[in-house]
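To start, the structure itself, in C-alpha coordinates.
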Amino acid sequence: MNVLITGGTGYIGTVLVEEALKAGHTTHVLTRSTAKSQNLEQQGVKVIVGDILQDGLWQQKINEMDAVIHLAAPPTWGKKVTKKVALSYADGHLQLTKRLFEAIDPERLQRLVFVGGTSYFGDSGNQDPKTESFQAEPKGWGPYIAPSIRYAKEKIAAGYPATIVFPAQIYGPSSWMEQLYLQPLFTKKPLTSLKGYRPYFSPIHIEDCARALLHLTEHGEIGEDYIISDLQQLPSAVFRDEIIKIMGVKDPKFREVPRWLCQFILGPVLTEYATAHTNFSSNKLQGTGFKFRYPTYKEGLPQVVKAWLDLQLSN
Ligand SMILES: NC(=O)c1ccc[n+]([C@@H]2O[C@H](COP(=O)([O-])OP(=O)(O)OC[C@H]3O[C@@H](n4cnc5c(N)ncnc54)[C@H](OP(=O)(O)O)[C@@H]3O)[C@@H](O)[C@H]2O)c1
(Lines give C-alpha, C1' and ligand atoms only; values in the text may rest on other atoms or scores of the structure.)
Protein backbone atom coordinates (compact mmCIF):
# COMPACT_ATOMS: atom_id res chain seq x y z
CA MET A 1 0.00 0.00 0.00
CA ASN A 2 1.13 3.57 -0.67
CA VAL A 3 0.87 5.33 2.68
CA LEU A 4 1.63 8.99 3.39
CA ILE A 5 2.49 9.97 6.94
CA THR A 6 2.25 13.63 7.92
CA GLY A 7 4.28 14.27 11.08
CA GLY A 8 6.46 11.29 10.15
CA THR A 9 9.49 12.93 11.80
CA GLY A 10 7.79 13.33 15.21
CA TYR A 11 7.51 11.14 18.32
CA ILE A 12 4.86 8.75 16.99
CA GLY A 13 5.73 9.29 13.33
CA THR A 14 9.34 8.08 13.66
CA VAL A 15 8.17 4.71 14.96
CA LEU A 16 5.26 4.59 12.54
CA VAL A 17 7.67 5.01 9.62
CA GLU A 18 9.75 2.05 10.87
CA GLU A 19 6.65 -0.11 11.27
CA ALA A 20 5.26 0.88 7.86
CA LEU A 21 8.56 0.01 6.16
CA LYS A 22 8.78 -3.27 8.11
CA ALA A 23 5.25 -4.17 6.98
CA GLY A 24 6.35 -3.67 3.36
CA HIS A 25 4.37 -0.52 2.60
CA THR A 26 5.64 2.10 0.17
CA THR A 27 6.07 4.78 2.80
CA HIS A 28 5.89 8.50 2.04
CA VAL A 29 6.60 11.21 4.62
CA LEU A 30 5.72 14.89 4.44
CA THR A 31 8.24 17.05 6.31
CA ARG A 32 9.16 20.72 6.24
CA SER A 33 12.80 19.85 6.83
CA THR A 34 15.29 19.08 4.05
CA ALA A 35 17.82 18.07 6.72
CA LYS A 36 15.51 15.36 8.11
CA SER A 37 14.62 14.19 4.61
CA GLN A 38 18.15 12.80 3.99
CA ASN A 39 17.89 10.40 6.94
CA LEU A 40 14.45 9.28 5.85
CA GLU A 41 15.59 8.63 2.29
CA GLN A 42 18.40 6.44 3.61
CA GLN A 43 15.75 4.38 5.42
CA GLY A 44 13.90 3.85 2.12
CA VAL A 45 11.21 6.49 2.62
CA LYS A 46 9.87 8.57 -0.26
CA VAL A 47 10.08 12.10 1.09
CA ILE A 48 7.87 15.01 0.16
CA VAL A 49 9.35 18.26 1.41
CA GLY A 50 6.53 20.66 2.11
CA ASP A 51 4.49 22.57 4.65
CA ILE A 52 0.79 21.88 5.10
CA LEU A 53 0.26 25.59 5.64
CA GLN A 54 1.65 26.36 2.20
CA ASP A 55 0.66 25.20 -1.27
CA GLY A 56 2.97 22.60 -2.79
CA LEU A 57 3.50 19.21 -4.38
CA TRP A 58 2.04 17.49 -1.28
CA GLN A 59 -1.47 18.56 -2.32
CA GLN A 60 -1.14 16.54 -5.52
CA LYS A 61 0.64 13.58 -3.88
CA ILE A 62 -1.92 13.19 -1.12
CA ASN A 63 -4.56 12.04 -3.62
CA GLU A 64 -2.24 9.46 -5.17
CA MET A 65 -2.12 7.49 -1.91
CA ASP A 66 -4.05 4.47 -0.70
CA ALA A 67 -3.93 5.86 2.84
CA VAL A 68 -2.87 8.98 4.71
CA ILE A 69 -2.09 8.96 8.43
CA HIS A 70 -2.25 12.49 9.78
CA LEU A 71 0.01 13.14 12.77
CA ALA A 72 1.26 16.65 11.97
CA ALA A 73 0.51 19.00 14.84
CA PRO A 74 2.05 22.09 16.45
CA PRO A 75 4.75 21.23 19.05
CA THR A 76 3.55 20.56 22.62
CA TRP A 77 6.09 18.76 24.73
CA GLY A 78 8.68 20.18 27.13
CA LYS A 79 7.43 23.66 27.96
CA LYS A 80 4.99 25.43 30.25
CA VAL A 81 1.55 25.51 28.65
CA THR A 82 -0.28 28.69 29.56
CA LYS A 83 -3.81 29.31 28.32
CA LYS A 84 -2.33 31.60 25.65
CA VAL A 85 0.06 28.87 24.43
CA ALA A 86 -2.82 26.37 24.36
CA LEU A 87 -5.08 28.71 22.39
CA SER A 88 -2.37 29.27 19.82
CA TYR A 89 -1.88 25.47 19.68
CA ALA A 90 -5.61 25.02 19.03
CA ASP A 91 -5.50 27.61 16.29
CA GLY A 92 -2.46 25.98 14.65
CA HIS A 93 -3.99 22.50 14.99
CA LEU A 94 -7.23 23.57 13.33
CA GLN A 95 -5.40 25.33 10.51
CA LEU A 96 -3.47 22.13 9.75
CA THR A 97 -6.69 20.11 9.84
CA LYS A 98 -8.52 22.47 7.49
CA ARG A 99 -5.63 22.63 5.03
CA LEU A 100 -5.35 18.85 5.05
CA PHE A 101 -9.04 18.26 4.28
CA GLU A 102 -9.04 21.03 1.67
CA ALA A 103 -6.30 19.17 -0.21
CA ILE A 104 -8.10 15.81 -0.14
CA ASP A 105 -10.28 14.69 -3.02
CA PRO A 106 -12.75 12.31 -1.32
CA GLU A 107 -13.35 10.56 -4.64
CA ARG A 108 -9.67 9.65 -5.01
CA LEU A 109 -8.13 9.07 -1.59
CA GLN A 110 -9.15 5.72 -0.10
CA ARG A 111 -8.56 6.32 3.59
CA LEU A 112 -7.48 9.02 6.01
CA VAL A 113 -6.60 8.08 9.58
CA PHE A 114 -6.91 11.28 11.58
CA VAL A 115 -5.16 11.26 14.96
CA GLY A 116 -6.70 12.91 18.02
CA GLY A 117 -6.20 11.92 21.68
CA THR A 118 -8.34 10.55 24.53
CA SER A 119 -8.24 13.92 26.34
CA TYR A 120 -11.00 14.82 23.85
CA PHE A 121 -13.39 12.49 25.74
CA GLY A 122 -12.64 14.10 29.12
CA ASP A 123 -12.12 12.60 32.58
CA SER A 124 -13.15 8.93 32.43
CA GLY A 125 -13.23 8.38 36.21
CA ASN A 126 -11.41 5.39 37.68
CA GLN A 127 -14.20 2.81 37.67
CA ASP A 128 -15.12 0.88 34.51
CA PRO A 129 -13.09 1.72 31.38
CA LYS A 130 -14.96 4.00 29.01
CA THR A 131 -15.49 3.53 25.28
CA GLU A 132 -15.74 5.74 22.17
CA SER A 133 -19.34 6.72 23.04
CA PHE A 134 -18.24 8.38 26.31
CA GLN A 135 -18.25 12.17 26.21
CA ALA A 136 -17.53 14.37 29.20
CA GLU A 137 -16.09 17.85 29.05
CA PRO A 138 -12.70 17.59 27.25
CA LYS A 139 -9.73 17.90 29.66
CA GLY A 140 -6.06 18.90 29.38
CA TRP A 141 -5.29 19.17 25.66
CA GLY A 142 -8.86 18.02 24.90
CA PRO A 143 -10.49 21.45 24.54
CA TYR A 144 -7.67 22.49 22.20
CA ILE A 145 -7.96 19.54 19.81
CA ALA A 146 -11.77 19.49 19.97
CA PRO A 147 -12.28 22.12 17.18
CA SER A 148 -10.17 19.96 14.81
CA ILE A 149 -12.06 16.82 15.72
CA ARG A 150 -15.43 18.52 15.24
CA TYR A 151 -14.24 19.80 11.85
CA ALA A 152 -13.03 16.30 10.83
CA LYS A 153 -16.40 14.84 11.88
CA GLU A 154 -18.25 17.40 9.70
CA LYS A 155 -16.07 16.42 6.75
CA ILE A 156 -16.68 12.71 7.36
CA ALA A 157 -20.43 13.38 7.44
CA ALA A 158 -19.98 15.12 4.07
CA GLY A 159 -18.40 12.01 2.54
CA TYR A 160 -14.69 12.11 3.33
CA PRO A 161 -13.25 8.59 3.81
CA ALA A 162 -11.80 9.12 7.28
CA THR A 163 -11.51 7.32 10.59
CA ILE A 164 -10.66 9.25 13.77
CA VAL A 165 -8.38 7.56 16.28
CA PHE A 166 -7.75 8.46 19.91
CA PRO A 167 -4.47 7.17 21.36
CA ALA A 168 -4.25 7.22 25.16
CA GLN A 169 -0.86 7.40 26.95
CA ILE A 170 1.77 6.43 24.39
CA TYR A 171 4.91 5.21 26.12
CA GLY A 172 8.30 4.61 24.55
CA PRO A 173 11.98 5.29 25.19
CA SER A 174 11.74 9.07 24.62
CA SER A 175 9.43 12.03 25.28
CA TRP A 176 7.53 12.11 28.60
CA MET A 177 8.62 8.68 29.77
CA GLU A 178 12.28 9.59 29.47
CA GLN A 179 11.77 12.98 31.10
CA LEU A 180 9.48 11.89 33.96
CA TYR A 181 10.92 8.48 34.82
CA LEU A 182 13.92 7.07 32.93
CA GLN A 183 16.33 9.98 33.15
CA PRO A 184 15.63 10.84 36.83
CA LEU A 185 15.92 7.18 37.90
CA PHE A 186 19.15 6.75 35.94
CA THR A 187 20.69 9.89 37.44
CA LYS A 188 19.29 9.19 40.95
CA LYS A 189 17.13 12.32 40.92
CA PRO A 190 13.68 12.41 42.57
CA LEU A 191 10.59 11.35 40.67
CA THR A 192 7.94 14.02 40.67
CA SER A 193 4.27 13.32 41.28
CA LEU A 194 1.19 15.34 42.12
CA LYS A 195 0.24 15.42 45.78
CA GLY A 196 -3.20 13.98 46.50
CA TYR A 197 -3.86 12.57 43.02
CA ARG A 198 -3.80 8.96 41.84
CA PRO A 199 -4.97 9.26 38.24
CA TYR A 200 -5.74 6.27 36.07
CA PHE A 201 -3.67 5.64 33.02
CA SER A 202 -4.38 3.74 29.76
CA PRO A 203 -0.95 2.91 28.35
CA ILE A 204 -0.12 1.91 24.81
CA HIS A 205 3.38 0.96 23.70
CA ILE A 206 4.52 3.28 20.92
CA GLU A 207 5.15 0.37 18.50
CA ASP A 208 1.61 -0.92 19.09
CA CYS A 209 0.20 2.57 18.64
CA ALA A 210 2.00 2.80 15.29
CA ARG A 211 0.85 -0.71 14.30
CA ALA A 212 -2.75 0.12 15.26
CA LEU A 213 -2.68 3.25 13.06
CA LEU A 214 -1.54 1.14 10.11
CA HIS A 215 -4.04 -1.61 10.90
CA LEU A 216 -6.92 0.88 10.95
CA THR A 217 -6.07 2.16 7.46
CA GLU A 218 -7.27 -1.25 6.25
CA HIS A 219 -9.53 -2.63 8.97
CA GLY A 220 -11.16 0.46 10.51
CA GLU A 221 -14.62 1.50 9.35
CA ILE A 222 -14.99 4.88 7.69
CA GLY A 223 -16.79 7.28 10.04
CA GLU A 224 -16.01 5.24 13.17
CA ASP A 225 -13.89 6.37 16.13
CA TYR A 226 -11.28 4.07 17.67
CA ILE A 227 -9.51 4.36 21.01
CA ILE A 228 -5.94 3.04 21.05
CA SER A 229 -4.82 1.65 24.41
CA ASP A 230 -3.59 -1.73 25.57
CA LEU A 231 -5.39 -4.39 27.60
CA GLN A 232 -4.69 -3.04 31.08
CA GLN A 233 -5.68 0.28 32.59
CA LEU A 234 -4.00 1.08 35.91
CA PRO A 235 -3.09 3.90 38.30
CA SER A 236 -0.08 5.77 36.91
CA ALA A 237 1.75 5.12 40.22
CA VAL A 238 1.63 1.36 39.53
CA PHE A 239 3.10 1.96 36.07
CA ARG A 240 5.84 4.10 37.66
CA ASP A 241 6.63 1.46 40.31
CA GLU A 242 7.09 -1.17 37.61
CA ILE A 243 9.67 1.06 35.89
CA ILE A 244 11.51 1.47 39.20
CA LYS A 245 11.55 -2.32 39.61
CA ILE A 246 12.84 -2.96 36.08
CA MET A 247 15.52 -0.27 36.44
CA GLY A 248 16.59 -2.00 39.68
CA VAL A 249 16.57 1.24 41.72
CA LYS A 250 16.46 0.21 45.38
CA ASP A 251 15.67 3.46 47.20
CA PRO A 252 14.05 5.85 44.71
CA LYS A 253 13.52 9.44 45.79
CA PHE A 254 10.11 11.07 45.37
CA ARG A 255 9.05 14.68 45.27
CA GLU A 256 5.36 15.42 45.74
CA VAL A 257 4.27 18.68 44.20
CA PRO A 258 1.02 20.38 45.25
CA ARG A 259 -1.42 21.25 42.50
CA TRP A 260 -0.80 25.01 42.75
CA LEU A 261 2.95 24.51 42.23
CA CYS A 262 2.38 22.17 39.28
CA GLN A 263 0.09 24.82 37.82
CA PHE A 264 2.87 27.41 38.31
CA ILE A 265 5.58 25.22 36.71
CA LEU A 266 3.67 23.46 33.92
CA GLY A 267 0.60 25.68 33.53
CA PRO A 268 -3.11 24.84 33.80
CA VAL A 269 -3.40 22.62 30.72
CA LEU A 270 -0.77 20.04 31.66
CA THR A 271 -1.91 20.14 35.30
CA GLU A 272 -5.45 19.29 34.23
CA TYR A 273 -4.07 16.58 31.94
CA ALA A 274 -2.02 15.11 34.82
CA THR A 275 -4.92 15.05 37.27
CA ALA A 276 -7.70 13.67 35.04
CA HIS A 277 -8.33 9.92 34.87
CA THR A 278 -7.61 8.22 31.54
CA ASN A 279 -9.38 4.89 31.85
CA PHE A 280 -10.33 3.81 28.35
CA SER A 281 -10.99 0.49 26.65
CA SER A 282 -9.77 -0.52 23.20
CA ASN A 283 -12.36 -3.30 22.75
CA LYS A 284 -13.50 -1.77 19.47
CA LEU A 285 -9.95 -1.79 18.06
CA GLN A 286 -9.53 -5.40 19.19
CA GLY A 287 -12.83 -6.22 17.47
CA THR A 288 -11.21 -5.31 14.14
CA GLY A 289 -8.68 -8.14 14.65
CA PHE A 290 -5.81 -6.06 16.02
CA LYS A 291 -3.27 -8.04 18.07
CA PHE A 292 -0.87 -6.32 20.46
CA ARG A 293 2.87 -6.95 20.36
CA TYR A 294 2.92 -5.79 24.02
CA PRO A 295 -0.56 -6.57 25.42
CA THR A 296 0.12 -4.84 28.76
CA TYR A 297 2.78 -2.69 30.45
CA LYS A 298 4.23 -5.89 31.95
CA GLU A 299 5.46 -6.92 28.48
CA GLY A 300 6.06 -3.41 27.12
CA LEU A 301 8.05 -1.74 29.89
CA PRO A 302 11.02 -4.16 29.94
CA GLN A 303 11.49 -3.57 26.20
CA VAL A 304 11.33 0.22 26.58
CA VAL A 305 13.71 0.34 29.54
CA LYS A 306 16.20 -1.92 27.76
CA ALA A 307 16.04 0.16 24.56
CA TRP A 308 16.63 3.35 26.56
CA LEU A 309 19.52 1.89 28.62
CA ASP A 310 21.16 0.51 25.45
CA LEU A 311 21.01 3.99 23.97
CA GLN A 312 22.66 5.54 27.07
CA LEU A 313 25.47 2.98 26.97
CA SER A 314 26.09 3.56 23.26
CA ASN A 315 26.32 7.37 23.69
N1 LIG B 1 2.66 12.19 21.96
C2 LIG B 1 1.63 11.58 22.55
O3 LIG B 1 1.80 10.94 23.60
C4 LIG B 1 0.25 11.65 21.94
C5 LIG B 1 -0.81 10.98 22.57
C6 LIG B 1 -2.06 11.02 21.96
C7 LIG B 1 -2.24 11.73 20.77
N8 LIG B 1 -1.20 12.40 20.21
C9 LIG B 1 -1.41 13.14 18.96
O10 LIG B 1 -0.66 12.56 17.92
C11 LIG B 1 -0.21 13.57 17.00
C12 LIG B 1 1.29 13.47 16.82
O13 LIG B 1 1.92 13.61 18.08
P14 LIG B 1 3.52 13.56 18.23
O15 LIG B 1 3.78 13.64 19.71
O16 LIG B 1 4.09 12.46 17.44
O17 LIG B 1 3.90 14.97 17.55
P18 LIG B 1 5.34 15.68 17.42
O19 LIG B 1 6.43 14.80 17.89
O20 LIG B 1 5.23 17.04 18.02
O21 LIG B 1 5.50 15.83 15.83
C22 LIG B 1 4.72 16.75 15.13
C23 LIG B 1 5.03 16.63 13.66
O24 LIG B 1 4.22 17.55 12.95
C25 LIG B 1 4.95 18.00 11.82
N26 LIG B 1 4.45 19.32 11.44
C27 LIG B 1 4.17 20.37 12.28
N28 LIG B 1 3.73 21.43 11.56
C29 LIG B 1 3.72 21.03 10.26
C30 LIG B 1 3.37 21.69 9.04
N31 LIG B 1 2.96 22.97 9.02
N32 LIG B 1 3.46 20.99 7.89
C33 LIG B 1 3.91 19.71 7.88
N34 LIG B 1 4.25 19.04 9.01
C35 LIG B 1 4.16 19.69 10.18
C36 LIG B 1 6.42 18.02 12.24
O37 LIG B 1 7.18 17.69 11.09
P38 LIG B 1 8.48 18.51 10.54
O39 LIG B 1 9.01 19.34 11.67
O40 LIG B 1 9.43 17.43 10.09
O41 LIG B 1 7.95 19.29 9.40
C42 LIG B 1 6.49 16.87 13.26
O43 LIG B 1 6.94 15.68 12.66
C44 LIG B 1 -0.69 14.90 17.58
O45 LIG B 1 -1.91 15.27 16.96
C46 LIG B 1 -0.93 14.58 19.05
O47 LIG B 1 -1.92 15.43 19.62
C48 LIG B 1 0.06 12.35 20.75
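The values are calculated or read from the model by the stated rules, or taken from the named source; none is laboratory data. This structure is a prediction, so every number in the text was calculated from the model and none was measured. Every residue, glycine among them, receives a Cβ derived from its backbone with ideal geometry; neighbour counts consider all protein chains shown.
Kindly indicate whether residue 61 is among the charged types (D, E, K, R), surrounded by 16 or more Cβ atoms within 10 Å (Cβ to Cβ) and within 23 Å of residue 110 (Cα to Cα).
In short, yes.
For the subset of region 98-113 comprising residues that are aliphatic (A, V, I, L, M) and assigned to a loop (DSSP other than H, G, I, E, B), which member is modelled with the lowest pLDDT?
The extreme case among them is 109.
Whether any residue in region 70-82 is of a type in the set (Val, Ile, Thr) and touching a helix residue (DSSP H, G or I) at 6+ places or on another chain (Cβ under 6 Å) is what I want to check.
yes
Step by step: first the residues of region 127-162, then only those that are touching a Leu at 6+ places or on another chain (Cβ under 6 Å) and surrounded by 22 or more Cβ atoms within 10 Å (Cβ to Cβ), then the one that is nearest to residue 75 (Cα to Cα). Which residue is that?
148
Whether any residue in region 92-113 is closer than 22 Å to residue 263 by Cβ and touching a Pro at 6+ places or on another chain (Cβ under 9 Å) is what I want to check.
no
Please count how many residues of region 172-195 are in contact (Cβ under 8 Å) with a residue 12 or more places away in the chain and more than 16 Å from residue 273 (Cβ to Cβ).
Residues flagged as in contact (Cβ under 8 Å) with a residue 12 or more places away in the chain and more than 16 Å from residue 273 (Cβ to Cβ) within region 172-195 amount to 13.
Quick one: how many residues across region 243-266 are touching a residue at least 12 places away in the same chain (Cβ under 8 Å), in a helix (DSSP H, G or I) and surrounded by 13 or more Cβ atoms within 10 Å (Cβ to Cβ)?
Residues flagged as touching a residue at least 12 places away in the same chain (Cβ under 8 Å), in a helix (DSSP H, G or I) and surrounded by 13 or more Cβ atoms within 10 Å (Cβ to Cβ) within region 243-266 amount to 7.
Hey, could you check region 114-125 for residues that are in a helix (DSSP H, G or I) and in contact with a helix residue (DSSP H, G or I) (Cβ under 6 Å, 6 or more places away or on another chain) and say which is nearest to residue 162 (Cα to Cα)?
120
Does any residue of region 100-113 turn out to be within 15 Å of the ligand (Cβ to nearest atom) and under 29 Å from residue 197 (Cβ atoms)?
no
Consider residue 85 against the criteria (1) buried (at least 20 other Cβ atoms within 10 Å of the Cβ); (2) more than 25 Å from residue 62 (Cα to Cα); (3) among the β-branched types (Val, Ile, Thr): it satisfies all of them except one. Which criterion is unmet?
Only one criterion is unmet by residue 85, namely (1).
Can residue 230 be described as assigned to a helix (DSSP H, G or I) and either surrounded by 13 or more Cβ atoms within 10 Å (Cβ to Cβ) or modelled with pLDDT of 95 or more (or both)?
It is false that residue 230 is assigned to a helix (DSSP H, G or I) and either surrounded by 13 or more Cβ atoms within 10 Å (Cβ to Cβ) or modelled with pLDDT of 95 or more (or both).
Looking only at helices (runs of 4 or more DSSP H) that fall completely inside region 126-224, which ones have 3 or more residues that are at pLDDT 95 or above, within 16 Å of the ligand (Cβ to nearest atom) and under 17 Å from the mean Cα position of the chain (by Cα)?
Here the list reads 142-157, 206-219.
Among the numbered criteria (1) at pLDDT 95 or above; (2) at negative phi; (3) out of contact with any Cys (no Cβ under 6 Å at 6 or more places or on another chain), which single criterion is violated by residue 273?
(1)
Please go through (1) at pLDDT 95 or above; (2) farther than 18 Å from residue 131 by Cα for residue 286 and return the number of the only condition it doesn't satisfy.
(2)
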